[in-house]
Amino acid sequence: MYRIALKMLRGDRAKFLGLLFGIAFTAFLVTFALSYFAGFMTRGFALVSENLSADVWVMDPAVHSTEMTIDMSETVLQQVRSVKGVAYAVPLSLHDIDARFADGHFQRVQLIGIDDATLAGTPLPPDGSSVSLLRVPDAVFADAGGTKGKLRSPRYEKDHWPHDGAHLDAPLRDLSAGDELQLNDRRALVTAVTHTLPRFPPRPLLYTTLSNVKRILPSESRYITFVMVAAQPGVAPQTLAKRIAETTGFRARTAEQFKADTVRWYLVNSEDVGDMTAMLILAMTVGFGVTGIMLYMFTYENLKQYAVLKAIGASDRMLLAMIFVQASVSALLGAFVGIAACAFTGWGIEVSGLDYPFRFMWFGPLTGILGVLVVSLTAAAVSVRPVLKLEPGIVFSEH
Amino acid sequence: MSDVVIRTKDLTKSYGTGDARVMALRSVTLDVLHCELMMIVGPSGCGKTTFVSILGALLAPDGGTCELFGLDVPHLGHKAKILFRRKRIGFVFQAFNLLPALTLQENVAVPLLVQGMARTEAMKRAAETLGQVGMEARLDALPSQISGGQKQRVAIARALVHRPQLIICDEPTSNLDHESGHSVMKLLRRLMRTEQTTVLVVTHDNRIFGFADRIAHMDDGKILNIETVTKERSA
């Protein structure tokens, strides 16, 4: 009877293809939405991802993400370094600051202070230059951080630091090595332009040494936002994190834990995520609604055929099984097509080099499959009611 | 072969309530014999479809008794009624009601598959039965690819494939031309004899009355008279 159910399903090709398209579109929408969401979240913890050598991140006990931070005093570094199992520990400093460009326009940027001695955490310049360029006096590495057109400098020399006021209408070009900026009225010299991981929310980044941060922001009493710790060989990051937290009283998280903390923080606190989620839920509801209605209509339009089967002697259980097989097969086929289309789209984004937050993670397709399966089976469950209540006598209704 | 296989007594059935109540059957009493082709004829709305729906265990009567093959059908449980239909009854419908997505062979195999027979065996039996109705050359055709007369032949094969004791035909020739209608009725009579089956035909197509053994004339929910068809007429 299952074969008959499947033949009935494929019988009306146009209707079947319409149904498959509806389900595939829903699966695509759900998977794409979650991949998009995962892409954003991945950008949210980009700071953690780009510092691969940090096994453990140490921070103020009140900090739960890379986004909302408060600094610690410099003694934290010595405390952490004294914990057993620590191979080395380096500071990292984050500060938001306005950067003024040579023509007079300004832009909010994130100033990232790197350990002077090791330069750990410095992105590699793409032109093959050395990270030691950061040791040049007043040096900064500039990075778009997922933004477009925000790090710009005047094209012509006459518009650089003019004496007759700002030249805000001056033609611009992308910021490049050799350009100068003002940070809190201090000079900053761009010695490299890097392309590290894009951020969420997108923001321009300026990497510099911690000593330079202190020069730029002399009034701050605390500078260390995070201490990045590498574990000694044979020491598990989780064990070390626990030990650091117990010993120092600071919050210590492994890289993976800190990424998860950051995602959780965004889910709870970010208004952008809330808006995005609302939009996605709306889109998914429409997709699910269309799928459900199409499946319901499919069963409803075949009522006469079910009445014939009922008259012939098919039991309610047989008809239920047939309807659920039809729904499950449609859902799985549609989900497969939708998810494949989503994967293909992701691949297209990847190879085309588009700067689009798309990350195809396991929970995207899984939710896509489960979502359409649940909706399809629910629609099937709703549509069986008229089949069960069906009087097989309607097969005589041609009179 | 004069055993009574269907016996109804004072069968009543109504639809609706209050002022809208319509009496579809008013004390219908009828005996049908084994291997008999009984026609139930009458104008539209006279109650003949309601009557055969009750005989086919598709509808419950309000009152009276209805015994088929020694079973009190209206008082069977839900599952027993399904089993009764599955094993003992074959249906032929006016609109053929073949499943459009299935081949003719698969359509005919459906009653056997419903009974739980293995697909290979069911398909083999279906092919044999289609051969009995002269459709052996079109096993893989779809219902949309054959004529009305051929569809009714396939419907008869489907009604017959599980060797039922009773075949209920609802206006089997109404959608067919004269020649096809006669051909279908000849086939039914032949199969009735070879398969030793009882056949009930609901119709108002007077061109086929000659194929009956007896004709029950119905009107206004009652059987007015039962006519025995002479051999000359049924020849």
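The values are calculated or read from the model by the stated rules, or taken from the named source; none is laboratory data. Nothing here was measured: the structure is a model prediction, and the numbers come from that model. In this analysis, Cβ positions are derived from the backbone assuming ideal geometry, glycine residues included, and neighbour counts consider all displayed protein chains. Surface accessibility is based on the protein's heavy atoms, side chains included, excluding ligands, DNA and RNA. Shrake-Rupley method; radii C 1.70, N 1.55, O 1.52, S 1.80 Å.
Calculate, for A:ASP127 and A:LYS148, the FRET efficiency according to 1/(1 + (r/R0)^6) with r their C-beta to C-beta distance and R0 25 Å; round to the nearest 0.05.
Plugging the Cβ-Cβ distance into 1/(1 + (r/R0)^6) gives 0.75.
Which whole-number value in Å³ per residue fits the convex hull of the alpha carbons of the protein assembly as shown? Kindly include the intermediate steps, with their values, before the conclusion.
On the way: hull volume 161.7 nm³, N = 634.
Cα-based convex hull of the protein assembly as shown, divided per residue, equals 255 Å³.
Using every alpha carbon pair in the stretch A:1-148, what percent of pairs falls into each 5 Å bin from 0 up to the bin containing the largest distance?
With 5 Å bins starting at 0, P(r) equals 2, 6, 11, 14, 14, 12, 8, 6, 5, 4, 4, 5, 5, 4, 2, 0, 0.
Could you calculate the FRET efficiency of B:SER144 with A:ASP275 from 1/(1 + (r/R0)^6), where r is the beta carbon distance between them and R0 is 45 Å, rounded to 0.05?
Working: r = 52 Å, r/R0 = 1.16.
It comes out at approximately 0.30.
Which angle from 0 to 90°, rounded to the nearest 10, does the C-alpha axis of helix A:2-11 make with the longest principal axis of chain A?
80 degrees
Quick one: what does P(r) look like for the stretch B:32-76 with 10 Å bins over all Cα pairs, in whole %?
25, 51, 24, 0
Name the residues whose placed amide hydrogens come within less than 5 Å of the amide hydrogen of B:LEU37, ignoring near sequence neighbours (fewer than 5 apart) on the same chain.
B:VAL199, B:ASP213, B:ARG214
Before rounding to the nearest 500, sum -39500 (n - 2.57) across all DSSP H runs of length at least 4 in chain B and divide by the residue total; then give [θ] at 222 nm in deg cm²/dmol.
It lands at -10500 deg cm²/dmol.
So for the protein assembly as shown: antiparallel DSSP bridges make up what percent, rounded to the nearest 5?
65 percent
Need one number: nm distance between label points at B:LYS186 and B:ASP220, each 7 Å from Cα along Cα→Cβ, rounded to one decimal.
4.0 nm
Report in % the part of the accessible area of the protein assembly as shown that belongs to carbon and sulfur, leaving out ligands and nucleic acids; probe 1.4 Å.
Answer for the protein assembly as shown: carbon and sulfur cover 57 percent of the accessible area.
So, in chain A, how many Lys pairs have Cα atoms under 25 Å apart, if the pair is 8 or more places apart or on different chains?
15
Identify all lysines with a Cα-Cα distance to B:LYS186 below 17 Å; exclude those on the same chain that are fewer than 8 residues away in sequence.
The qualifying lysines are B:LYS151, B:LYS231.
Net charge near A:GLU50: determine it from the other residues with C-beta under 13 Å of the C-beta of A:GLU50, scoring Lys and Arg +1 and Asp and Glu -1.
With Lys, Arg at +1 and Asp, Glu at -1, the neighbours total +2.
Once you have the Cα-Cα distance between B:ASP177 and B:HIS78, take 0.36 nm times their residue separation minus that, and quote the gain in nm to one decimal.
Length difference between fully extended and current span is 31.8 nm.
Report the accessible surface area buried between chains A and B, summing both sides, using a 1.4 Å probe on protein heavy atoms only, in Å² rounded to the nearest 100. Provide the component values of the computation, followed by the final result.
Numbers: alone 19720 and 10860 Å², together 28170 Å².
Heavy-atom accessible area buried at this interface is about 2400 Å².
Under a Cβ-Cβ cut-off of 10 Å, what is the net charge of the residues other than A:GLY145 that fall near it, where Lys and Arg count +1 and Asp and Glu count -1?
So the environment of A:GLY145 carries a net charge of +3.
Go ahead and estimate [θ] at 222 nm for chain A from helices alone: -39,500 (n - 2.57) per DSSP H run with n ≥ 4, summed, over the residue count, rounded to 500.
Mean residue ellipticity, 222 nm, calculated: -16000 deg cm²/dmol.
How compact and how long is the stretch B:40-171, expressed as Rg and Dmax of its alpha-carbon atoms in Å?
Answer for the stretch B:40-171, Rg first and Dmax second: 15.7, 47 Å.
In a Gaussian network model over chain A where Cα atoms closer than 10 Å are linked, find which of A:ALA54, A:ALA102, A:ALA170 has the largest mean-square fluctuation.
A:ALA170
Would you mind checking the tilt of helix B:178-195 against the longest principal axis of the Cα atoms of chain B, expressed as 0 to 90 degrees and rounded to 10?
The angle comes out near 90 degrees.
In the stretch A:71-224, what is the volume of the convex hull around the alpha carbon atoms, normalised per residue and reported in Å³?
Expressed per residue, the convex hull around the Cα atoms of the stretch A:71-224 is 120 Å³.
Which of A:ASP71, A:ASP355, A:ASP127 moves most in a GNM of chain A, Cα contacts under 10 Å?
A:ASP127
Below 8 Å between Cα atoms, with a sequence gap of 6+, how large is the relative contact order for the stretch A:5-136 in percent?
So the answer I get is 11 percent.
Run down the lysines and flag those whose C-alpha is under 22 Å from the C-alpha of B:LYS222, throwing out any fewer than 8 positions away in its chain.
By straight Cα distance, B:LYS222 reaches B:LYS9, B:LYS13, B:LYS48.
If we restrict to alpha carbons, what Rg and Dmax does chain B come to, in Å?
Expressed in Å, the Cα Rg and Dmax of chain B come to 17.5, 55.
State the Cα centre-to-centre distance between the stretch A:210-245 and the stretch A:124-201 in whole Å.
Centre-to-centre distance over Cα atoms comes out at 27 Å.
Excluding residues fewer than 8 places away in the same chain, name every one of the aspartates and glutamates whose C-alpha is closer than 17 Å to that of B:LYS87.
A:ASP316, B:GLU67, B:ASP72, B:GLU121, B:GLU195
Any idea what angle helix A:316-352 forms with the longest principal axis of chain A, computed on alpha-carbon atoms, 0 to 90 degrees, nearest 10?
Taking Cα atoms only, the helix is inclined about 30 degrees.
If you take the beta carbon distance between B:ALA137 and A:ARG3 as r and set R0 to 30 Å, what does 1/(1 + (r/R0)^6) give as a FRET efficiency, to the nearest 0.05?
The pair B:ALA137/A:ARG3 has a calculated efficiency of 0.80.
Within chain A, what is the longest stretch that has no trypsin sites (Lys or Arg not before Pro) placed in a DSSP loop and near at most 11 other beta-carbon atoms within 10 Å?
A:149-399
Give me the net charge of B:GLY221's neighbourhood, meaning all other residues with Cβ under 14 Å from the Cβ of B:GLY221; Lys, Arg count +1, Asp, Glu -1.
+1
Below 8 Å, C-alpha to C-alpha, sequence gap of six or more: please give me the relative contact order for chain A in percent.
Taking the mean separation of contacting Cα pairs over the length of chain A, I get 30 percent.
If each of A:VAL136 and A:MET361 carries a label point 7 Å out from its Cα toward its Cβ, how far apart are those two points in nm?
3.8 nm
GNM, chain A, Cα, under 10 Å: largest mean-square fluctuation among A:PRO61, A:PRO125, A:PRO204?
The residue that fluctuates most here is A:PRO61.
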